[in-house]
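Participant: Could you have a look at this structure, given as structure tokens, before my questions?
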Amino acid sequence: MLLGLCGQQLMIGPMMRLTDEEQAMLAGAFGPGVQKAIEILVALGAIYGADSLVPVISVQVAGVSYKNLGDAGLEFLAEWAAQGARVRVPTTLNPAGLDLERWRELGSDANLVHRLEHFASQQSRVIQSFASMGIRATCTCTPYFVGNVPACGDHVAWAESSAVSFANSVLGARTNREGGPSALAAAITGRTPGYGLHLPQNRRAQLLVEVHCPVASSADFGALGTMVGQAARNRVPYFRGLDVPRFQAPSSELGAGLPEASIDHLKALGAAMAASGAVALYHIEDVTPEADQPDLIVPDAEIFSIRTLAEGYAALDGEGDEIDLVWIGCPHASLHELRQVIRLLAGRQTQVALWVTMARQVRAEAEKAGLVAELETLGGQVVADTCLVVAPVKELGFRHMATPSGKGAYYAPGHSGLKVRYGSLEACIEAAVAGRWG
Ligand code: F3S
């Protein structure tokens with residue numbers, strides 16, 4: 001990498017300009033932790049052709065579960081924290097490997113606590129490292145449910161593909177799909193390389209998706225997202241014909257005028273597209289904040305017509321009627337989804353484990369509203385901080401899962417060794433009550 005002074009700014013290679021403060025960070029004036037962070041960002045910027053770093057207003061850091069980090073990742077984080085690295089902007093954290101407060105209650109097996117003890121202790125060291133850098137240990141993939149809500153046009157640096165999709169598409173913020181280290185580096189410096197989706201020209205749609213069939217439930221949106229993600233890969237899709245209700249009067253709340261059900265559907269859609277493809281931004285006609293911009297669809301956009309969701313359901317659904325776990329909350333559930341689960345149970349007892357995973361802060365609201373106790377009375381659990389993709393599922397003893405989440409069904413077989421049945425929330429709740437699928 002070539003370094004050379006250019007007036008007030010340092011040139012990195014042919015393109016990258018750094019401010020005085022950024023040059024000082026690179027020279028080590030803010031300590032080795034900040035120096036390491038800006039070195040990562042400058043290297044990334046050089047690779048992707050960024051001409052400068054852009055300030056970010058918030059960060060979502062991923063790579064939190066000890067299952068994925070292992071001891072090497074834990075030591076890397078602990079060392080970075082020991083170098084004095086502290087975050088400069090509000091920063092939230094992705095799910096960990098366990099419910100940090102109630103992991104002992106996650107299974108009925110008497111040996112479970114013994115099997116999970118080492119994992120829980122290492123996971124807690126991971127969280128301590130992040131917390132010592134000033135990061136809020138929110139442990140959720142829905143930071144937008146716990147106060148990390150950028151406005152339209154804000155630059156942020158978020159990891160966690162489903163949250164990235166939500167931030168870009170539903171909130172209209174600007175972020176690339178960050179990895180764990182690059183998001184952490186952005187938090188420590190308050191900057192990210194200005195390339196990709198930070199630039200308006202890269203937010204145009206290259207795939208026009210024409211939907212000619214009903215898409216009504218979250219599972220439908222997951223199936224649709226799976227199909228479109230596979231077709232789009234990393235392109236930006238633009239949806240026409242998708243019925244996503246809005247309020248009559250737009251509000252300034254999360255999702256700008258979208259009812260709770262629409263928010264649930266959009267998070268399911270974005271998560272599935274990010275899992276089966278690498279979609280980080282989508283637009284929906286008359287719904288998402290950038291969809292009415294002129295020339296948003298490139299003239300040679302490919303057209304993808306969808307007349308049935310059968311292919312998406314088939315890609316996600318497995319075989320067999322055995323079920324030992326029903327999982328709701330991928331991405332982490334909203335209060336609205338928890339209420340739906342309780343309503344569909346209609347006072348009936350579950351025969352198998354039923355997990356609703358959600359942010360700890362949302363769980364606290366649910367607790368206040370009496371929803372946690374209500375679900376527990378019926379045999380279910382509201383589990384915070386984690387999910388079935390990043391948890392040590394083998395140790396927890398689950399083998400056969402039902403879920404209405406496209407992303408959950410896509411990843412659970414490979415990441416957690418689970419056999420998966422995929423269907424509507426109604427079908428999943430009936431499975432929980434019957435103790436078997438179908
Ligand atoms: Fe969140 Fe885990 Fe799904 S991180 S998006 S609940 S795979």
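The values are calculated or read from the model by the stated rules, or taken from the named source; none is laboratory data. Here the structure is a predicted model, which means the values were calculated and not measured. No Cβ is skipped: glycine too gets one built from the backbone with ideal geometry, and neighbour counts run over all protein chains shown. The protein model used for the area step is the full one, side chains on, heavy atoms only, and it has no ligands, DNA or RNA in it. Shrake-Rupley method; radii C 1.70, N 1.55, O 1.52, S 1.80 Å.
Participant: Of all residues in the range 381-403 being open to solvent by 10 Å² or more (accessible area, probe 1.4 Å) and within 12 Å of the ligand (Cβ to nearest atom), which is nearest to G277 (Cα to Cα)?
Facilitator: The qualifying residue nearest to G277 (Cα to Cα) is V389.
Participant: Quick test of your reading of the structure: T189 fulfils all but one of (1) within 18 Å of the chain's Cα centre (by Cα); (2) in the same structural domain as S65 (by TED's automatic domain parsing); (3) of a type in the set (S, T, N, Q). Name the failing condition by number.
Facilitator: The single condition T189 does not satisfy is (1).
Participant: So which residues in the range 201-225 are in a helix (DSSP H, G or I) and under 18 Å from S165 (Cβ atoms)?
Facilitator: N202, R203, S218, A219, D220, F221, G222, A223, L224, G225
Participant: Another question, if that's okay. Name the pairs: first residue in the range 142-167 and closer than 18 Å to R203 by Cβ and open to solvent by 10 Å² or more (accessible area, probe 1.4 Å), second residue away from the ligand (no atom under 11 Å from the Cβ) and part of a loop (DSSP other than H, G, I, E, B), Cβ to Cβ under 6 Å, at least 6 apart or on different chains?
Facilitator: Listed pairs, sorted by first residue: C152/G172; C152/P289; D154/I57; D154/A173; H155/V56.
Participant: Which numbered condition in (1) surrounded by fewer than 20 Cβ atoms within 10 Å (Cβ to Cβ); (2) assigned to a helix (DSSP H, G or I) is the only one that Q351 fails?
Facilitator: For Q351, the failing item is (2).
Participant: If we scan the range 311-324, do we find a residue that is within 16 Å of the ligand (Cβ to nearest atom), surrounded by 24 or more Cβ atoms within 10 Å (Cβ to Cβ) and within 21 Å of the chain's Cα centre (by Cα)?
Facilitator: yes
Participant: Let me ask you something else. Out of curiosity, is E374 acidic (D, E), open to solvent by 40 Å² or more (accessible area, probe 1.4 Å) and in contact (Cβ under 8 Å) with a residue 60 or more places away in the chain?
Facilitator: For E374, the condition - acidic (D, E), open to solvent by 40 Å² or more (accessible area, probe 1.4 Å) and in contact (Cβ under 8 Å) with a residue 60 or more places away in the chain - is not met.
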